[in-house]
Structures are given as C-alpha cells and as structure tokens.
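Derivation of every value follows stated rules applied to the coordinates shown; laboratory data play no part. For clarity, every value in this text was computed on a predicted model and none was experimentally measured. We place every Cβ from the backbone using ideal geometry, glycine too, and count neighbours over all the protein chains shown.
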Amino acid sequence: MNFMRTIFWDGCVKLIDQTKLPDKLEILECKKVEDLVRAIKNLSIRGAPALEAAGAYGIALSAFEKDFDNVEDLKEHIRQTANILSSTRPTAVNLFYGIERTLKKALQGESIEKIRQLALKEAEKIADEDVERNKTMGSYGAKLIEDGDTILTICNTGRLATVDWGTALGVIRSAIEEGKNVRVVVCETRPLNQGSRLTAWELIQDGIEVTLITDNMAGIVMQKGMVDKVFVGADRIVKDAVFNKIGTYTLAILAREHKIPFYVVAPLTTFDWNKRAKDIEIEERDKDELIYCHVKCKQSLIAPKDVEVFNPAFDATPINYVSAIVTEKGIIFPPYDENVPKYLHNI
Ligand code: MRU
C-alpha cells in the first residue's frame with residue numbers, strides 16, 4: 001500500500017499527527033517553528049529518525065517563517081531556532097544531528113534567498129536519506145528473519161517513527177516483501193501506547209499479522225515459546241548501552257533468560273559512540289501520562305491524583321544483551337567495542 005511520508009515540506013512543515021491515531025489520520029500544518037516545537041513535545045511527531053527530519057525541517061522552517069532585514073538577522077534567527085529545537089526532547093540523538101547538519105549547511109549561504117534554499121535542500125536530503133537507509137537496513141536485517149518467525153517488538157519503529165518504511169518494523173516489512181511469512185507480537189508500550197496505537201495500526205494497514213499484548217505479558221509469551229526473535233529500534237547507542245523506549249531493557253533480560261535473539265535496528269546517526277550510559281539524559285515526562293486514562297482530555301483517573309509518579313520515557317539496555325545491531329552499512333555483531341568503529345568511520 002502507498003503511504004504518505006510521516007513528515008514533509010509543502011510550503012511549510014506538514015506531518016501526520018500521531019496523537020490522533022488510530023482514531024483519525026490527520027495532517028498537522030506547522031507554519032511557525034513554535035508549532036513544530038509543540039508537535040515534537042507532545043509527540044505528534046516522534047521516533048528518533050522522524051525527529052532527525054523534524055529537526056532539519058525546523059531549521060528550514062525558521063528561515064522561511066518571517067521576513068528578515070538582512071542576512072545576519074536571518075543567521076541569528078536560525079541559530080536561536082537550533083537552540084529551541086534542541087531543547088524539546090533530550091534522548092534521541094538523531095534530533096540533534098538533523099538540526100546541526102542543516103544549520104551548518106544553511107549558514108554557508110551569503111544571501112537570504114541562498115540560506116533558505118540551502119536549508120530546505122538539506123532538510124529534503126536528510127528526509128530522502130532516511131527512506132533510503134531504512135530500505136537498506138530492511139534488506140540487511142531481513143537476513144536475520146526466517147520464514148515462519150514470530151517477532152516481538154515494542155513502541156513504534158515503523159513508517160511513523162521515520163520518514164517512511166521504518167527501522168525494526170522496516171526489517172519486518174522487508175522480510176515479508178521477500179516472501180517470508182512473519183507474525184508480529186507488539187507490546188502496547190505504556191504509558192503513551194505507541195505500540196497499540198501506532199504499530200498495531202500500521203501493521204493492520206499493511207495486512208501484516210499482529211497480536212497486541214500488554215507490556216507485562218512479554219514474559220509469558222516468551223515462556224510459552226510464542227516468540228522467535230525480538231527486534232527493537234534505538235534512540236541513542238552509546239559504548240555500553242542502547243537507549244530505547246521504556247520497557248526495552250526488561251525485554252532484553254527476558255530474551256536472554258529464554259535464549260531468544262535480541263536485535264536492535266538503527267541508522268548510524270543513532271550512534272553516540274564517544275559517550276557512555278551515565279552521560280545520557282533520560283527524558284522524564286508529565287505525571288498526567290500515568291494518572292489519566294486519556295492524558296489529552298484529562299478524563300478518567302486511573303490513579304489517585306496526588307500519587308507520586310516516576311515516568312522515564314526511555315531506558316538503557318546494557319549493550320552485551322544485544323545479539324546484533326542492524327545498520328544501513330550492514331549488521332554489526334559483538335564485540336561492539338572492536339566492530340562498531342569500523343562502521344562509523346565514514347559518518
Ligand atoms: O517517545 P518516542 O515515541 O519518540 O520513542 C520512540 C522510540 O523509543 C523508538 O523505539 C525509537 O525512536 C526507535 S524508532 C525508529
């Protein structure tokens with residue numbers, strides 16, 4: 001099935017509003033950087049590679065969003081925008097990559113027109129590259145999937161988490177495109193349900209067999225032999241850990257206990273190899289996400305209003321739990337200390 005891109009440029013930034021799914025497929029128009037900032041913070045656009053494109057388009061948008069008296073005013077404005085966009089969400093490193101790469105390119109321009117042109121062209125390039133690398137990761141990763149496999153996944157790593165196709169879900173799509181019969185078990189991914197709202201929706205759209213479970217059912221499905229492999233995405237990969245959606249660490253431990261391979265799929269822009277887990281900020285989100293049944297309309301309490309809440313959006317899985325990392329340059333196997341730098345040298 002043909003699917004529109006998750007985020008694209010059409011005179012301004014347009015994106016699929018993921019807070020509305022699976023109820024409605026709606027496009028959100030961001031005419032000002034502040035609209036895009038809001039969209040990133042409230043997860044209308046989310047997922048590390050989609051955030052990379054959002055950061056890039058955000059810089060382009062800032063160059064077009066108003067009139068400028070001179071080149072220096074415009075340059076100052078896009079530098080400020082880079083800071084604002086960088087403060088939206090702390091964990092996915094791709095966001096910063098998209099912002100910095102586009103900013104650097106735009107600042108090479110010597111006229112208002114040229115800066116606008118350079119920024120938009122770079123953002124479009126970043127978006128196109130994402131689609132291409134996801135397809136490449138898909139064909140590498142599909143080699144890890146056998147006909148008849150059932151794959152467990154968490155969060156949303158599909159078209160909606162990227163510009164198109166997906167990372168972990170992209171690998172599953174590619175395996176199916178190659179003619180393999182693959183089923184998916186998806187964890188609902190509390191508290192914001194990216195698994196049930198987005199992954200289940202995407203897979204049903206594509207006619208891929210999917211079974212939804214709550215996060216705390218992952219143990220029983222592995223124990224009952226209902227899962228052959230786990231595939232997840234990543235928000236940041238550092239020397240000793242993979243940061244991904246909260247609950248990923250639990251899946252990695254369960255997978256090891258049940259001798260199930262645990263694979264991570266991520267582009268090279270997700271690596272932050274000079275850092276360690278202790279250096280990375282894990283985003284903590286609003287307590288309302290845990291105490292209301294429907295966080296947007298603050299209806300139906302599911303916990304006492306005054307209860308203390310801890311709501312980290314990500315966790316760090318020690319890298320030695322990871323069986324392999326699928327990238328657009330190939331599959332990286334342990335020992336990662338030795339092998340990852342060989343793949344990173346040209347980015
Ligand atoms: O909070 P989110 O929805 O932005 O978190 C997204 C994830 O954790 C994904 O698994 C990750 O970005 C990899 S997606 C290709």
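To the nearest µm²/s, what D does Stokes-Einstein give for the chain at 4 °C and 1.567 mPa s, using the Kirkwood radius over alpha carbon pairs as Rh?
63 µm²/s
Rounded to the nearest 5, what % of DSSP beta bridges with both residues in the chain are antiparallel?
55 percent
Over the alpha-carbon set of the stretch 7-66, work out the extent along each principal axis and list the three values in angstrom, largest first.
Largest first, the stretch 7-66 extends 34, 20, 17 Å along its Cα principal axes.
Kindly write out, for the stretch 87-103 in residue order, the coupling ³J(HN,Hα) from the Karplus curve 6.51 cos²θ - 1.76 cosθ + 1.60 (θ = phi - 60°), rounded to whole Hz, with x marking Gly and Pro.
8, 6, 9, x, 8, 6, 5, 4, 4, 5, 4, x, 5, 5, 5, 6, 4
May I have the count of lysine pairs in the stretch 7-134 with C-alpha atoms under 15 Å apart, counting pairs 8 or more residues apart or located on different chains?
Close lysine pairs under the 15 Å cut-off: 16.
Can you compute the label reach from S139? Point 7 Å from Cα along the Cβ direction, backbone N cut-off under 16 Å, restricted to the stretch 312-347.
327-331
Over the chain, calculate the relative contact order: mean separation of alpha carbon pairs under 8 Å at least 6 apart, over the residue count, as a percent. Don't skip to the end; give the middle numbers.
Working: 705 pairs, mean separation 52.8, N = 347.
Normalised by residue count, the contact order of the chain is 15 percent.
Within the stretch 93-107, whose backbone N sits under 12 Å from a point 7 Å along Cα→Cβ of K125?
Zone members listed by number: 101-107.
Quick query: amide H of I246 versus all other amide H atoms, modeled in the peptide plane; which residues come in under 5 Å with a sequence gap of 5 or more or a different chain?
Those lying under 5 Å, H to H, from I246 are F314, D315.
Taking the stretch 47-133, which GluC sites (Glu not before Pro) meet the DSSP loop condition and have no more than 11 other C-beta atoms within 10 Å?
Here the GluC sites (Glu not before Pro) that fit, given the DSSP loop and packing criteria, are E110.
Can you give me the C-alpha center-to-center distance between the stretch 209-236 and the stretch 269-330, rounded to a whole angstrom?
So the separation of the two Cα centres works out to 17 Å.
With the Cα gyration tensor of the stretch 1-111 in hand, give its eigenvalues times 5 under a square root as the equivalent ellipsoid semi-axes, listed largest first in whole angstrom. Mind dumping the intermediate values first?
Values: eigenvalues 123, 43, 28 Å².
Semi-axes from the Cα gyration tensor: 25, 15, 12 Å.
I need the peptides 179-189, 253-263, 87-97 ranked by packing, meaning the mean over residues of other C-beta atoms within 10 angstrom, with the highest value on top.
Packing proxy ranking, top to bottom: 87-97, 179-189, 253-263.
Pairs of lysines 8 or more apart, or on different chains, with alpha carbons under 23 Å: count those in the stretch 214-333, would you?
The number of close lysine pairs in the stretch 214-333 is 17.
Mind checking which of V238, V227, V307 is farthest towards the positive end of the stretch 204-347's charge dipole, using Cβ charges of +1 (Lys, Arg) and -1 (Asp, Glu) about the Cα centre?
V227
Between K239 and K296, what is the label-to-label distance in nm when each label sits 7 Å out along the Cα-to-Cβ direction?
4.3 nm
Mind giving me the FRET efficiency for K32 and K259? R0 is 51 Å, r the Cβ-Cβ distance, nearest 0.05 is fine.
E(calc), rounded to 0.05, equals 0.50.
How much mean residue ellipticity at 222 nm does the chain get from its helices, if each DSSP H run of length 4 or more adds -39500 (n - 2.57) and you divide by all residues, to the nearest 500 deg cm²/dmol?
Using -39500 (n - 2.57) per qualifying helix, the result is -11500 deg cm²/dmol.
Need the full-extension length gain, E177 to N311, defined as separation in residues times 0.36 nm minus the C-alpha distance. One decimal, nm.
In short, 44.5 nm is gained.
Size of the dipole of the chain about the Cα centre, Lys and Arg at +1 and Asp and Glu at -1 on the beta carbon, nothing else charged, in debye to 20? Walk me through the numbers on the way to the answer.
On the way: 46 positive and 52 negative charges, 66 e Å.
In total the dipole reaches around 320 debye.
May I have the convex hull volume per residue, in Å³, for the Cα set of the stretch 140-344? Walk me through the intermediate numbers first.
On the way: hull volume 25.6 nm³, N = 205.
That works out to 125 Å³ per residue.
Taking 10 °C and 1.306 mPa s as the conditions, I'd like the Stokes-Einstein D for the stretch 209-325 in µm²/s, using the Kirkwood hydrodynamic radius from alpha carbon pairs. Write out the running numbers ahead of the final one.
Working: Rh = 15.9 Å.
Here the translational diffusion coefficient equals 100 µm²/s.
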